[in-house]
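Let me begin by handing over the structure; questions about it come next.
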Protein chains: 2
Amino acid sequence: MPKADSREFEIKLDTQLCFAIYGAAHAFTRTYKPLLEPLGLTYPQYLVMITLWEDDDQPVKAIGDRLGLDSGTLSPLLKRLEQSGLVSRKRDRDDERLVRISLTEKGSDLRQKAVEVTKAIGRAVGCGMEEAAALRDALITLRKRMNERD
Amino acid sequence: MPKADSREFEIKLDTQLCFAIYGAAHAFTRTYKPLLEPLGLTYPQYLVMITLWEDDDQPVKAIGDRLGLDSGTLSPLLKRLEQSGLVSRKRDRDDERLVRISLTEKGSDLRQKAVEVTKAIGRAVGCGMEEAAALRDALITLRKRMNERD
DNA sequence: CGTAACTAGATTGCGCGCAATTGAATTGCG
DNA sequence: CGCAATTCAATTGCGCGCAATCTAGTTACG
């Protein structure tokens, strides 16, 4: 039994929740990478495309709120998606501060291939829907608690 | 009930486990950041320090295996830790391919402050030990399954 | 009306994270 | 022994992720 003294308190990597999350996050990106490569997307770009498939024609800010990313991340990312011909960027006529991001036809069509990626990931995760859903909800709860406290 | 056709299959961001992990990982780094700043560490640097507090004088490769990072990430990171005076880097005498990383006295001493960070994170997570441990184990299992399949 | 506060997006700078390449040291095999 | 294959670390290049700063457009308030 370790003493309460700071000099004796152990910091064990394997017991830390944060390290488990860190590792799982990397495992996911590694699993996604080869699946998204044929679509010409990185994982964050894939997330942006999902938000657009859910709701087309959104301002950058809305996408950022949805994904928890700021313009420093999104501006160059969206420029790359535009370069790939998947989205278009136009100023909102009524509020010229806004840049609205819309799917091109190519971007819209990509969704069909993305569905296969989602299914492949489901197989890679290799656990039941309920188990995955429970884990997901626990993580969402955790995130909310952490965001509240600071 | 959506049809099995790819054109109809929905990809809902909020139902995706990967997005929950992605978000939780970012929430953790955001929570760690202000706590680690006084120590002059980033979160990945903190992970490296933990592995060294557990086992001093390790080759770069061993640290990489432990954390799942490669030399492309570790080389510059370790150089910054050396710059901060927390670690030293010396070639192994017996096998000159290896660079052994050791804690300096300053690096060793930092552990006491790190203990307080760990405790603060525990409070921020704001859930019981058993709950956190269960979540952690579920994530470790998930990671293992994903790494096996590719 | 006009200025101050606010908001949206872009840019810069820095630190990962990872693939690919390089170079040096070591091991293995004929 | 000698050469090929392997291993380790460093480097390069690219894409996030985020803080800080900047510019332009909008809103609020006197």
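The values are calculated or read from the model by the stated rules, or taken from the named source; none is laboratory data. The shown structure was predicted, so the numbers you read here are calculated from the model rather than taken from an experiment. So basically every Cβ, Gly included, is an ideal-geometry build from the backbone, and we count neighbours across all protein chains shown.
Read through the list (1) assigned to a loop (DSSP other than H, G, I, E, B); (2) at pLDDT below 95, then give the number of the only condition that A:ARG143 fails.
Failing condition for A:ARG143: (1).
Evaluate the following for B:LYS119: is it closer than 19 Å to A:ILE11 by Cβ and more than 12 Å from chain A (Cβ to nearest Cβ)? Lay out the reasoning, then the answer.
Details: closer than 19 Å to A:ILE11 by Cβ: yes; more than 12 Å from chain A (Cβ to nearest Cβ): no.
For B:LYS119, the condition - closer than 19 Å to A:ILE11 by Cβ and more than 12 Å from chain A (Cβ to nearest Cβ) - is not met.
Looking at A:ALA138, A:ALA124, A:ALA114, A:ALA133 in this structure, which one is under 19 Å from A:LEU39 (Cα atoms), touching a helix residue (DSSP H, G or I) at 6+ places or on another chain (Cβ under 9 Å), assigned to a helix (DSSP H, G or I) and away from DNA strand C (no atom under 16 Å from the Cβ)?
On the way: A:ALA138 fails: under 19 Å from A:LEU39 (Cα atoms); A:ALA124 fails: away from DNA strand C (no atom under 16 Å from the Cβ); A:ALA133 fails: under 19 Å from A:LEU39 (Cα atoms).
Sole residue among the options that is under 19 Å from A:LEU39 (Cα atoms), touching a helix residue (DSSP H, G or I) at 6+ places or on another chain (Cβ under 9 Å), assigned to a helix (DSSP H, G or I) and away from DNA strand C (no atom under 16 Å from the Cβ): A:ALA114.
Assuming A:ARG66 fulfils every condition listed in (1) under 11 Å from the mean Cα position of the chain (by Cα); (2) within 12 Å of DNA strand C (Cβ to nearest atom); (3) touching a residue at least 24 places away in the same chain (Cβ under 8 Å) apart from one, which condition is it?
Going through (1) under 11 Å from the mean Cα position of the chain (by Cα); (2) within 12 Å of DNA strand C (Cβ to nearest atom); (3) touching a residue at least 24 places away in the same chain (Cβ under 8 Å) one by one, A:ARG66 breaks only (3).
Please determine, by comparing only the residues of the stretch B:52-63 that are within 12 Å of DNA strand C (Cβ to nearest atom) and touching a helix residue (DSSP H, G or I) at 6+ places or on another chain (Cβ under 7 Å), which one is nearest to A:LYS12 (Cα to Cα).
B:ILE63
Pairs under 7 Å by beta carbon, first residue under 12 Å from B:LEU142 (Cβ atoms) in the stretch A:126-150, partner among the β-branched types (Val, Ile, Thr) and buried (at least 19 other Cβ atoms within 10 Å of the Cβ), six or more apart or different chains?
A:ALA132/A:VAL125; A:LEU139/B:ILE21
Another question about this same structure. Looking at the stretch B:91-106 only, could you name the residues that are surrounded by fewer than 13 Cβ atoms within 10 Å (Cβ to Cβ) and more than 10 Å from DNA strand D (Cβ to nearest atom)? Break it down into steps so the answer makes sense when it comes.
Residues of the stretch B:91-106 that are surrounded by fewer than 13 Cβ atoms within 10 Å (Cβ to Cβ), as a first pass: B:91-97, B:105-106.
Within the stretch B:91-106, B:ARG93, B:ASP94, B:GLU105, B:LYS106 qualify.
Tell me whether the stretch A:35-48 contains one or more residues that are surrounded by fewer than 16 Cβ atoms within 10 Å (Cβ to Cβ) and either of a type in the set (S, T, N, Q) or near DNA strand C (Cβ under 10 Å from one of its atoms) (or both).
First, the residues of the stretch A:35-48 that are surrounded by fewer than 16 Cβ atoms within 10 Å (Cβ to Cβ): A:37-38, A:40, A:44.
Okay, now just the ones that are also either of a type in the set (S, T, N, Q) or near DNA strand C (Cβ under 10 Å from one of its atoms) (or both), so A:37.
Checking the stretch A:35-48: at least one residue is surrounded by fewer than 16 Cβ atoms within 10 Å (Cβ to Cβ) and either of a type in the set (S, T, N, Q) or near DNA strand C (Cβ under 10 Å from one of its atoms) (or both).
Count, please, the residues in the stretch B:53-68 that happen to be over 19 Å from B:ASN147 (Cα atoms) and either facing another protein chain (nearest Cβ under 10 Å) or more than 9 Å from DNA strand D (Cβ to nearest atom) (or both).
Going through the stretch B:53-68 one residue at a time, the tally reaches 5.
Something else: Within the group A:ASP70, A:ASP55, which residue is under 13 Å from A:LEU103 (Cα atoms) and modelled with pLDDT of 95 or more? Don't jump to the end; show me each part of the working.
Working: A:ASP70 fails: under 13 Å from A:LEU103 (Cα atoms).
Among A:ASP70, A:ASP55, only A:ASP55 is under 13 Å from A:LEU103 (Cα atoms) and modelled with pLDDT of 95 or more.
Could you please find all residues in the stretch A:76-90 being surrounded by 14 or more Cβ atoms within 10 Å (Cβ to Cβ) and either within 14 Å of chain B (Cβ to nearest Cβ) or within 7 Å of DNA strand C (Cβ to nearest atom) (or both)? Lay out the reasoning, then the answer.
Going residue by residue through the stretch A:76-90, those that are surrounded by 14 or more Cβ atoms within 10 Å (Cβ to Cβ) are A:77-78, A:80-82, A:84, A:86-89.
Listed by number, the residues that qualify are A:LEU78, A:ARG89.
Then there's this: If we keep just the residues of the stretch A:26-43 that are within 9 Å of chain B (Cβ to nearest Cβ) and within 10 Å of DNA strand D (Cβ to nearest atom), which is farthest from A:ARG123 (Cα to Cα)?
Just the residues of the stretch A:26-43 that are within 9 Å of chain B (Cβ to nearest Cβ), to begin with: A:26-32, A:34, A:43.
Going one step further and asking which of them are within 10 Å of DNA strand D (Cβ to nearest atom), we end up with A:29, A:43.
On the way: A:THR29: 15, A:TYR43: 18 Å.
Checking each candidate, the answer is A:TYR43.
Return the total of residues in the stretch A:69-90 being more than 8 Å from DNA strand D (Cβ to nearest atom) and either of a type in the set (Ser, Thr, Tyr) or over 23 Å from A:GLY40 (Cβ atoms) (or both).
Residues flagged as more than 8 Å from DNA strand D (Cβ to nearest atom) and either of a type in the set (Ser, Thr, Tyr) or over 23 Å from A:GLY40 (Cβ atoms) (or both) within the stretch A:69-90 amount to 3.
Same structure, new question: Looking at the stretch A:75-98, is at least one residue closer than 25 Å to B:ARG30 by Cβ and more than 18 Å from the chain's Cα centre (by Cα)?
no
Hey, any hits in the stretch B:91-113 for a residue that's facing chain A (nearest Cβ under 10 Å) and either within 30 Å of A:ALA132 (Cβ to Cβ) or in contact (Cβ under 8 Å) with a residue 60 or more places away in the chain (or both)?
yes
Another question, if that's okay. Looking at A:LEU135, is it more than 16 Å from DNA strand D (Cβ to nearest atom) and at the interface with chain B (Cβ under 10 Å from one of its Cβ atoms)? Show your work before the answer.
On the way: more than 16 Å from DNA strand D (Cβ to nearest atom): yes; at the interface with chain B (Cβ under 10 Å from one of its Cβ atoms): yes.
Yes: the conditions hold for A:LEU135.
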